[in-house]
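Only one structure is covered here, and it is reproduced in the block below.
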Amino acid sequence: MIICIGAGPGDVGYLTLRGAELIRNAEVVAGFDAVVNVIQSLIPVTAQTVLMNYRDQTAQLATVAEAHHAGKRCVVVFMGDIHFSGFQYLERVERACGHPVETLPGISSAQILASRAKVCFDETTFITFHRRGDLGPFKRHLVHVLQDQRNAIVIPCPWDAARSFMPRHIATYLLEQGVPPEHPTEVWENLTRADDCMDAGGRAMQGAIAEAEWHGSLADCADKEFSDMSIMLIRTLSPMSSQIEP
């Protein structure tokens, strides 16, 4: 067996019960270092842990695939939900195994943001730039989303300077495309980290990184710097009115 699991947005408390069960019963647990650290307390002491990063992921996934083909129970953990921004990683897992694999969805930062900001997914489009390859089609799609009077939840691209597409870059691009500068805009950092920053007595822990939120306009955002752990909400200028009965 091999299964890919969405491990939630960075706090083990947001992992599904089924995901936790599969990790506790796994013989091999694999994933990027930061993701495995989130679920470390659930990994059996007898399990083999396979850590990886962007540079060695192909080789490490080959190790996982070998264990899978040898009949071991293998779990590959993803941050958030696999189907929100992990699809390229899923493709690498399946390429290593040589066949499609089972997936278990998780809770994504986009879902947490929608809850925090009180936006309805029926009236909102999610777009992630946290991917390799050409970002052009996704940039154009974002413009059309806002032109269609929908909210946009956006995960930025935090990689090297040549490819970086962070909130200020996103705002600048949209303004250059003629998107109105007064769009209400929010950037949230370290979602779900607030609970982690308290000790058992509810006191702030020294050195912890708390959840933070910024509110302003699209024009204001073009001059703001945010950390890699950020997610963006651009609200429509024409919110849909309530459709429930008076």
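The values are calculated or read from the model by the stated rules, or taken from the named source; none is laboratory data. All values derive from a computational prediction rather than experimental measurement. All Cβ positions, even for glycine, are placed from backbone atoms using ideal geometry, and neighbour counts span all protein chains on display. Side chains included, ligands, DNA and RNA excluded: accessible areas come from the protein's heavy atoms. Shrake-Rupley method; radii C 1.70, N 1.55, O 1.52, S 1.80 Å.
Is there a residue in the range 129-143 that is part of a loop (DSSP other than H, G, I, E, B), of a type in the set (K, R) and in contact (Cβ under 8 Å) with a residue 60 or more places away in the chain?
no
If you check every pair at least six apart or on different chains, which have Cβ atoms under 6 Å apart with a residue in the range 59-78 that is more than 19 Å from T46 (Cα to Cα) first and a residue that is open to solvent by 60 Å² or more (accessible area, probe 1.4 Å) second?
Close Cβ pairs satisfying both conditions: L61/R92.
Is there a residue in the range 61-77 that is open to solvent by 20 Å² or more (accessible area, probe 1.4 Å) and within 29 Å of P156 (Cβ to Cβ)?
The answer is no, given that none of the residues of the range 61-77 is open to solvent by 20 Å² or more (accessible area, probe 1.4 Å) and within 29 Å of P156 (Cβ to Cβ).
Write out, first by first residue and then by second, each pair whose Cβ atoms fall under 6 Å of each other, whose residues are 6+ apart or on separate chains, and whose first residue, in the range 90-101, is open to solvent by 60 Å² or more (accessible area, probe 1.4 Å) while the second is among the acidic types (D, E) and at pLDDT 95 or above.
P100/E94
Those residues that are touching a residue at least 12 places away in the same chain (Cβ under 8 Å) and hydroxyl-bearing (S, T, Y), I need them from the range 102-124; list them, please.
Within the range 102-124, T103, S108, S109, T124 meet the criteria.
Just to confirm my filter: which helices (runs of 4 or more DSSP H) fall fully inside the range 47-113 and include at least 1 residues that are at pLDDT 95 or above?
57-69, 87-97
For the range 21-47, what are the residues that are over 21 Å from E66 (Cα atoms) and among the hydroxyl-bearing types (S, T, Y)?
The one that is over 21 Å from E66 (Cα atoms) and among the hydroxyl-bearing types (S, T, Y): S41.
Here are the criteria: (1) at pLDDT 95 or above; (2) open to solvent by less than 70 Å² (accessible area, probe 1.4 Å); (3) more than 20 Å from A222 (Cβ to Cβ). Tell me which single one P181 does not satisfy.
Result: P181 fails condition (3) only.
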